[in-house]
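Okay, so here's the structure we're looking at.
We did not get these values from a lab; they are worked out from the coordinates using the rules stated. Note that the structure is a prediction, hence the values are computed from the model and not measured. Here the Cβ positions follow ideal geometry from the backbone for every residue, glycine too, while neighbour counts run over all protein chains shown.
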Amino acid sequence: MLGAIFERFVKESPISVVVRGLMERVFAPETINRIFEQNASSQYTRELLFSSIVELTLFYVSGERKML
């Protein structure tokens with residue numbers, strides 16, 4: 001049901017699957033944007049959402065993308 005590759009990760013590295021799921025839940029764009037809107041005093045969003053910045057930062061911090 002979940003796919004052979006995912007099943008392999010679950011068997012061989014379950015902590016990776018749990019951490020990835022947790023990160024997707026905690027850093028969900030809707031959650032990040034809601035927190036930003038609730039706490040922003042003079043900051044604003046026009047074309048770039050705060051969640052987009054968080055997502056880009058997470059790509060680099062987690063090593064999914066190399067810095068240019």
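Listed by position, the helices (runs of 4 or more DSSP H) enclosed by region 8-68 include none that has at least 1 residues that are without any contact (Cβ under 8 Å) to a residue 12 or more places away in the chain and in contact with a Pro (Cβ under 7 Å, 6 or more places away or on another chain). Scanning region 14-37 for residues that are surrounded by 12 or more Cβ atoms within 10 Å (Cβ to Cβ) and of a type outside the set (A, V, I, L, M) yields a total of 8.
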